[in-house]
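Report on the following structure.
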Amino acid sequence: MSKKKKIDIVFLIQPQERGFKDIDHYLPFFYFLSKIDNLDYSAKAIIFDTKTNFSRFMDQKLSFFADLKNIKIEFLYEENLLDKIEQTLLFKNNFKFVNRVINKLFSIVSNIKNNKIEWNKKLGEEFLLSNSPLIFTMNHNDDELRIISEIKKQNIRAKWVALPHGTILCENDMVLETHLDKKEQDNNDIHDKFDYLLKTSNRDKEILVSKGFDKDKIIVIGSPRYCDEWLKIKSKFELDGNTVPINNEYQIRVLFLIPKKHVNVFSEELIRTIDFVSKYQEIELILLSYENHLPQLPGHVARRENIRRYLISQEYSSSKLIDWADIVFHVGTGIVFEPFMKNKITVFPRYLTCNTLLSEKYNAGFNLKNRDELRTFCNKVVNSRNDLNNFYNEKLLVSNKKFVDDFVNANTKSVPQNIVKSILYVVDKFNK
């Protein structure tokens with residue numbers, strides 16, 4: 001019997017809402033990691049929050065996560081008076097802008113606290129004495145770089161591994177409204193600090209290699225969060241929360257994944273599109289957005305009974321809303337891979353953005369060039385959904401499959417096996 005490989009892992013989770021996005025990506029990775037027979041590991045999650053603050057966002061996923069093999073959870077901050085003041089202010093205040101200011105001020109306080117952390121105590125003896133210590137993160141920014149530098153001082157053998165937090169969605173580079181620089185921006189400074197980068201697709205790897213990164217430090221594994229194996233596990237253990245109620249008064253259920261305002265979206269045309277779709281009384285429309293990105297609808301539109309509005313990760317999970325839907329509209333979001341994996345009719349009104357989405361390049365889903373095509377599509381929907389389903393599957397079966405094969409499955413047979421191979425590859429490097 002071969003000897004088990006030993007590694008000790010520390011992974012970082014951001015506070016509150018951002019932290020739960022991190023967990024969405026970490027959870028499948030560690031679930032599949034726990035199934036490796038020839039790996040002996042310990043893993044400590046360091047959450048940049050207090051237990052009280054983070055517990056406000058408790059759900060099935062965090063409980064499931066805490067019960068995984070060899071996982072320990074450490075809250076970075078001790079309970080203190082400032083946290084209690086913050087929670088009291090947020091609880092008593094109903095103004096979104098004021099809440100954002102409060103969160104920003106306390107975020108600054110948290111950054112000050114980061115500079116006073118006794119990392120040797122937080123990391124634990126296993127990590128400090130380990131011959132194969134790994135640091136996993138989801139985010140790639142200067143704040144995290146400073147934290148990683150502090151952790152590496154505690155064990156100089158530690159390697160920093162960036163797990164995939166998503167994939168590149170656009171063919172163009174200037175995807176945000178603030179991207180107005182005359183010259184292409186270079187992100188080499190932060191990427192050069194990683195020891196290993198795990199990516200979802202070969203395209204992501206090729207882009208980094210073309211910019212001079214070491215190809216041996218970039219490992220393509222696919223998308224753990226959206227792979228078929230993980231979607232089945234989530235369903236089996238009921239990790240996505242409550243089922244969205246169905247109103248049988250409507251023939252068609254449409255979920256619109258509202259884009260963030262700063263991703264080159266034409267906001268006025270977005271409102272006109274919502275107005276148009278919701279005029280069909282056969283359609284029930286759910287608008288899903290982040291709190292600060294739902295467009296201000298005119299009163300006559302907002303009052304329509306066939307419109308529901310939800311915030312991401314609040315009333316219902318994105319996964320349960322996708323399950324509810326017959327049709328999913330998107331304008332560029334990483335969540336879009338899930339409706340493709342679940343074979344939902346997926347629609348990109350490309351006239352809503354000046355970005356060029358890869359889904360359009362692959363001819364994946366319906367890509368509508370203008371409002372005329374939107375009208376044609378909606379009329380087909382209400383005339384015969386079965387005919388539309390047949391047309392969708394016949395026309396797009398090959399292109400949809402190619403899209404998810406490239407960006408979810410990484411053109412391999414098993415994302416879980418890719419995870420296993422990637423970690424064993426990194427571990428083997430410690431001995432060379």
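The values are calculated or read from the model by the stated rules, or taken from the named source; none is laboratory data. Everything numeric in this text was worked out from a predicted model, so none of it was measured. Quick reminder, even Gly has a Cβ in these numbers, built from the backbone with ideal geometry, and neighbours come from all protein chains shown. Heads up: the accessible areas ignore ligands, DNA and RNA and are worked out on the full protein's heavy atoms, side chains in. Shrake-Rupley method; radii C 1.70, N 1.55, O 1.52, S 1.80 Å.
I'd like the accessible area for Met174, computed on protein heavy atoms only with a 1.4 Å probe and all protein chains in place. Round to 10 Å², please.
Per-residue accessible area (Met174): approximately 100 Å².
With label points built 7 Å along Cα→Cβ from the Cα atoms of Gln314 and Glu268, find their separation and express it in nm.
Between Gln314 and Glu268, the simple spin-label model gives 2.7 nm.
What is the pair-distance distribution P(r) of the chain, computed from all Cα-Cα distances in 20 Å bins starting at 0, with each bin given as a whole percent?
23, 56, 20, 1
Counting each DSSP H run of 4 or more residues in the chain as -39500 (n - 2.57), what helix-only mean residue ellipticity at 222 nm follows after dividing by all residues, to the nearest 500 deg cm²/dmol? Working shown, then result.
Numbers: 19 runs with 190 residues, N = 432.
Taken over the chain, the calculation gives -13000 deg cm²/dmol.
Quick one: if you stick a label point 7 Å off each Cα along the C-beta vector at Arg385 and Asn172, how many nm between them?
Calculated label separation equals 3.5 nm.
Quick one: ranking Glu229, Glu268, Glu177 by accessible area, 1.4 Å probe, largest first, what do you get?
Correct descending sequence by accessible area is Glu268, Glu177, Glu229.
Evaluate the charge dipole of the chain about its Cα centre and quote only its size in Debye, nearest 20, assuming +1 on the Cβ of each Lys and Arg and -1 on the Cβ of each Asp and Glu.
440
So if we plug the beta-carbon distance of Lys51 and Lys261 into 1/(1 + (r/R0)^6) with R0 = 22 Å, what FRET efficiency do we get, rounded to 0.05?
According to the calculation, E is roughly 0.10.
In region 278-432, with Lys and Arg counted as +1 and Asp and Glu as -1 at Cβ, which of these residues, Ser414, Asn390, Leu285, has the Cα nearest the positive end of the dipole, that is, farthest along it?
It is Ser414, whose Cα lies furthest towards the positive end.
For the chain, which whole percent of the accessible surface, found with a 1.4 angstrom probe, sits on carbon and sulfur atoms?
Ligands and nucleic acids excluded, carbon and sulfur reach 49 percent.
For Asp405 and Val209, FRET efficiency with R0 = 25 Å and r from the beta-carbon atoms, rounded to 0.05? Don't skip to the answer; put the middle values down first.
Working: r = 21 Å, r/R0 = 0.83.
The value I calculate is 0.75.
Compute the normalised compactness of region 160-279: alpha-carbon radius of gyration over 2.2 N^0.38 Å, N being the residue count. Show your work: numbers first, answer last.
Working: Rg = 19.8 Å, N = 120, 2.2 N^0.38 = 13.6 Å.
Relative to the rule-of-thumb radius for its length, region 160-279 sits at 1.46.
Just for the Cα atoms in region 32-72, what are the lengths along the principal axes, largest first, rounded to whole Å?
Principal axes ranked by extent give 37, 19, 11 Å for the Cα atoms.
D for region 323-422, whole µm²/s, Stokes-Einstein with Kirkwood Rh over alpha-carbon pairs at 25 °C and 0.890 mPa s: what number? List each step's numbers first, then the result.
Working: Rh = 14.5 Å.
Here the translational diffusion coefficient equals 169 µm²/s.
Return the sequence-ordered ³J(HN,Hα) values of region 406-411 in whole Hz as given by the Karplus equation 6.51 cos²θ - 1.76 cosθ + 1.60 applied to θ = phi - 60°, using x for Gly and Pro.
Once rounded to whole Hz, the list reads 6, 10, 10, 8, 6, 6.
What does the C-alpha gyration tensor say about the overall shape of region 261-372? Classify as rounded when a/c is under 1.5, otherwise prolate if a/b is larger than b/c, or oblate.
Judged from the Cα gyration tensor, region 261-372 comes out rounded (a/c under 1.5).
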